[in-house]
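*Asks:* Supplied in structure tokens, the structure appears directly below.
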Amino acid sequence: IDFAIIPIPSVDATTLKIKNYRDTSGLYYVEADQGNGHILLKANPRHFHYSSAIADRIELIPSGIDQRANSIQLFKENKVDFITTIDKLSPEEVISFSEQETHSQLHSSMNIRTFVAVYTPKAIKKISIKRRLEIGKTLKEIFRNHYKNIPGYEPTDQFFPPYGDGGLNKEDQAKLKQVYNSIQKVMDGDGIHLSIVRFGNSSDIIPLIEKALPGIKITQDSNIPAFTQYKNESEIPDIYLGGPDTGFMEDIGLISYSMNAGIFGYEKTKAQEWLNEYMKILDKQTRLSKLRKLHAQVLSQGILVPLVSAPYVALARKPWKIELSQLYANNPLWLVTKN
């Protein structure tokens, strides 16, 4: 239903909430909402993406929340035929399961999800560049050692994929390498508050961080600091760990989200100013030059610390076949087909 056109009568004029999902311009519409996340979708045969190979009806089944079974368990029990790229499970769990499940097809994107440590504006003001880089180097070592033998993960020093539109040029890569070679990792987390946000299973990584950075305070939160209302400044973390997707191609939606989420260290007013300037640039190469300059700046100043990268994965039960793009994380359901 994403980006579908919805008729005016289907929207409540006062609240602007959608009250009728049946009539849209999308390929699938909501045939019935059973509540608690169970939704039945029906294909629109007049849509330009429609074909006899796609599913005519789709049942969306929630998993892994509110004590529900996770998607792998539902797959084993034949209760679901497809695990999406945005599932709550980590990539390695789905990859490992696919190796045992011979009657399935695995889809893996390129490594467009980057796990990062992000310093909040509060921390940027109070923690020196040198210490930010030192803590960042320690976190890099923890993650690289932990994930080096886990399927799908790769070490990365960049937020945007190295060969993508936002990747650093060779000169900036060399400068960044020189910066990290010139500093030492630290073994002290005293006075640092680290928050883990949308990280999947973090139970393995938390003890490693606590051991490497004794004295550090670690919390787990449901949302990133830039989108959270705090009662006082003391509650705001200094660093948060998350895994946003980036994409190989220039994507103004992802760039805008990252900027407003504070990933580049800008507070709201400055973030909006940068975005306004960026979107006024019509020439793509000039625009990307501005993006790469920002990318190099936040990496060399220890505002953003890339740790490891991972793919987005999906799994389908044969004879369903996945034809999703390797360059994007999104999961259009009409790209899951059956001959």
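*Asks:* Highest GNM mean-square fluctuation, the chain, Cα pairs closer than 10 Å: which of THR114, THR14, THR84?
*Replies:* THR14
*Asks:* Note the listed values [x] 5, 22, 29, 26, 15, 4, 0; [y] 5, 23, 33, 25, 11, 3, 0; [z] 5, 21, 26, 22, 16, 8, 2, 0, then indicate which one is P(r) over Cα pairs in 10 Å bins from 0, in percent calculated from this particular structure.
*Replies:* Here P(r) over Cα pairs in 10 Å bins from 0, in percent agrees with entry [x].
*Asks:* Can you give the accessible area of LYS175, probe radius 1.4 Å, in Å² rounded to 10?
*Replies:* 110
*Asks:* Now, a different point. Could I get the Rg over Rh figure for region 290-339? Both from C-alpha atoms, Rh via Kirkwood, rounded to two places.
*Replies:* Details: Rg = 17.6 Å, Rh = 14.1 Å.
Checking Rg against Rh, the ratio lands at 1.25.
*Asks:* Separation of region 184-225 and region 61-101 by C-alpha centroid, Å?
*Replies:* Comparing the Cα centres of region 184-225 and region 61-101, I get a distance of 27 Å.
*Asks:* Compute the accessible area per residue over the chain, keeping the other protein chains in place, probe 1.4 Å, unit Å².
*Replies:* Values: 18330 Å² over 339 residues.
With the other protein chains kept in place, the chain gives 54 Å² per residue.
*Asks:* Same structure, new question: Pairs LYS126/LYS293; LYS122/LYS293; LYS88/LYS290; LYS175/LYS290: which exceed 26 Å Cα-Cα? Can you show the working numbers first?
*Replies:* Details: LYS126/LYS293 24 Å; LYS122/LYS293 23 Å; LYS88/LYS290 34 Å; LYS175/LYS290 18 Å.
Pairs exceeding the cut-off: LYS88/LYS290.
*Asks:* Right, here's the next one. Please check: in the Gaussian network model of the chain (C-alpha springs, under 10 Å), which one of LYS19, LYS185, LYS284 has the largest mean-square fluctuation.
*Replies:* LYS19
*Asks:* Here's another thing I want to ask about it. Among the listed pairs LYS19/LYS321; LYS125/LYS211; LYS231/LYS280; LYS19/LYS280, which have their C-alpha atoms separated by more than 32 angstrom in this model? Kindly include the intermediate steps, with their values, before the conclusion.
*Replies:* Working: LYS19/LYS321 34 Å; LYS125/LYS211 26 Å; LYS231/LYS280 37 Å; LYS19/LYS280 37 Å.
From LYS19/LYS321; LYS125/LYS211; LYS231/LYS280; LYS19/LYS280, over 32 Å: LYS19/LYS321; LYS231/LYS280; LYS19/LYS280.
*Asks:* Please list, in order along region 41-58, the HN-Hα scalar couplings obtained from phi with the Karplus expression 6.51 cos²θ - 1.76 cosθ + 1.60 (θ = phi - 60°), rounded to whole Hz, x for Gly and Pro.
*Replies:* My calculation for region 41-58 gives 9, 10, 6, 9, x, 8, 6, 5, 8, 5, 8, 6, 7, 8, 6, 6, 10, 10 Hz in order.
*Asks:* Residue separation times 0.36 nm, minus the C-alpha to C-alpha distance between TYR163 and LYS126: what's the value? Spell out each step's value before the answer.
*Replies:* Values: separation 37, 0.36 × 37 = 13.32 nm, distance 3.38 nm.
Fully extending the segment from TYR163 to LYS126 adds 9.9 nm.
*Asks:* What FRET efficiency comes out for SER182 versus SER289 if R0 is 30 angstrom and r is the Cβ-Cβ distance? Round to the nearest 0.05.
*Replies:* Working: r = 26 Å, r/R0 = 0.87.
With a Förster radius of 30 Å, E is 0.70.
*Asks:* Next question, about the same structure. I'd like the accessible area for MET249: 1.4 Å probe, protein heavy atoms, all chains in place, Å² to the nearest 10.
*Replies:* 80
*Asks:* Report, by chain and number, residues whose modeled amide H sits under 5 Å from the one on ILE192, excluding near sequence neighbours (fewer than 5 apart, same chain).
*Replies:* It is LYS217, by chain and number.
*Asks:* Expressed as a whole percentage, what fraction of the accessible surface of the chain belongs to carbon and sulfur atoms when a 1.4 Å probe is rolled over the protein heavy atoms?
*Replies:* 51
*Asks:* Rounded, prolate or oblate: which one fits region 148-220, using the alpha carbon gyration tensor with axes a ≥ b ≥ c (rounded when a/c is under 1.5, else prolate when a/b beats b/c, else oblate)? Intermediate results must be reported in sequence, preceding the final value.
*Replies:* Details: a/c = 2.30, a/b = 1.47, b/c = 1.56.
Since a/c reaches 1.5 but b/c is at least a/b, the shape of region 148-220 is classed as oblate.
*Asks:* Counting alpha carbon pairs within less than 8 Å and at least 6 residues apart, what relative contact order, in whole percent, applies to region 84-200?
*Replies:* Numbers: 57 pairs, mean separation 39.0, N = 117.
For region 84-200, the relative contact order is 33 percent.
*Asks:* Might you report the magnitude of the Cβ-based charge dipole of the chain about its Cα centre, with Lys and Arg at +1 and Asp and Glu at -1, to the nearest 20 debye?
*Replies:* Working: 41 positive and 38 negative charges, 132 e Å.
The dipole of the chain has a size of about 640 debye.
*Asks:* While we're on this one: For a Förster distance of 35 Å, can you work out the FRET efficiency between the beta-carbons of ASN339 and GLU210, rounded to the nearest 0.05?
*Replies:* 0.10
The values are calculated or read from the model by the stated rules, or taken from the named source; none is laboratory data. Bear in mind that the values here come from a model prediction, so they are computed numbers and not experimental data. Cβ coordinates were reconstructed from backbone atoms using ideal geometry, including for glycine residues, and neighbour counts include every protein chain displayed. Heads up: the accessible areas ignore ligands, DNA and RNA and are worked out on the full protein's heavy atoms, side chains in. Shrake-Rupley method; radii C 1.70, N 1.55, O 1.52, S 1.80 Å.
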